[in-house]
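The values are calculated or read from the model by the stated rules, or taken from the named source; none is laboratory data. The model shown is predicted, which means the values in this text are computed figures rather than measured ones. Neighbour counts run over all protein chains shown; Cβ positions are idealised from the backbone, glycine included.
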Amino acid sequence: MSLEEDGLDEAIRAVSQARVLVGMHGAGLGLRMLMSSGTLLIEIWPFGVDPASARVYRAMCGLRGFGVTYRAWVNEDVGNTRTHPHYPPHFGGIQHLPQEERRRVVSSLRGDKLVNVTCCMDVDWLYRIYQDTVVRLHAHGDAHGRAHEAHTLTDTHTVSCDLREVLSWRP
């Protein structure tokens, strides 16, 4: 679903009727406010970014009376990552940087996950957060129920899936 293609009315309708909402980390997940009690939000995180670096949606789901279970799914496979060095700098592009700095940013992707980031003009953060992520979707009818079995809001799950979908944000 895309606000650009489907419009706000359709997004509101879909989110308010959803039992499970899956989405990339980003402002669009703010529509989570429209989810009913007893539903599940799965926030997808790109490779190399620790979900602890931004806890906005987890915190929202943890508010008393909201009744929405939060789970983070993290891409742990660099092979499922599509970076965009040619994007404008504020969308994670790095072409404007000197050659040595570009090399450092690219090679750092395979290093440690980013945890403590000063928002929002950090080059490493932008390069990682605006990458596309390949997610293999799994057709589990019981995924909603199993996700609610856990009792904490801090669980991060690795999901193995069969079908392939690329989650992309386009500037």
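Of all residues being more than 17 Å from the chain's Cα centre (by Cα) and of a type in the set (A, V, I, L, M, F, W, C) in the stretch 105-126, which is modelled with the lowest pLDDT? Just the residue, please. So, considering only residues that are more than 17 Å from the chain's Cα centre (by Cα) and of a type in the set (A, V, I, L, M, F, W, C), the one modelled with the lowest pLDDT is M121. Please pick out the residue among D77, D132 that is in contact (Cβ under 8 Å) with a residue 12 or more places away in the chain, among the acidic types (D, E) and within 20 Å of G28 (Cα to Cα). Result of the check over D77, D132: D132. All conditions but one from (1) of a type in the set (A, V, I, L, M); (2) more than 27 Å from R110 (Cα to Cα); (3) at pLDDT 80 or above; (4) in contact with a Gly (Cβ under 9 Å, 6 or more places away or on another chain) apply to I44; the one that does not is (2).
Scan the stretch 22-41 and tell me whether some residue there is on the phi > 0 side of the Ramachandran plot and modelled with pLDDT under 85.
Scanning the stretch 22-41 turns up at least one residue that is on the phi > 0 side of the Ramachandran plot and modelled with pLDDT under 85.
Here the condition is being closer than 24 Å to E43 by Cβ and touching a Phe, Trp or Tyr at 6+ places or on another chain (Cβ under 7 Å); of V74, V68, it holds for V74 alone.
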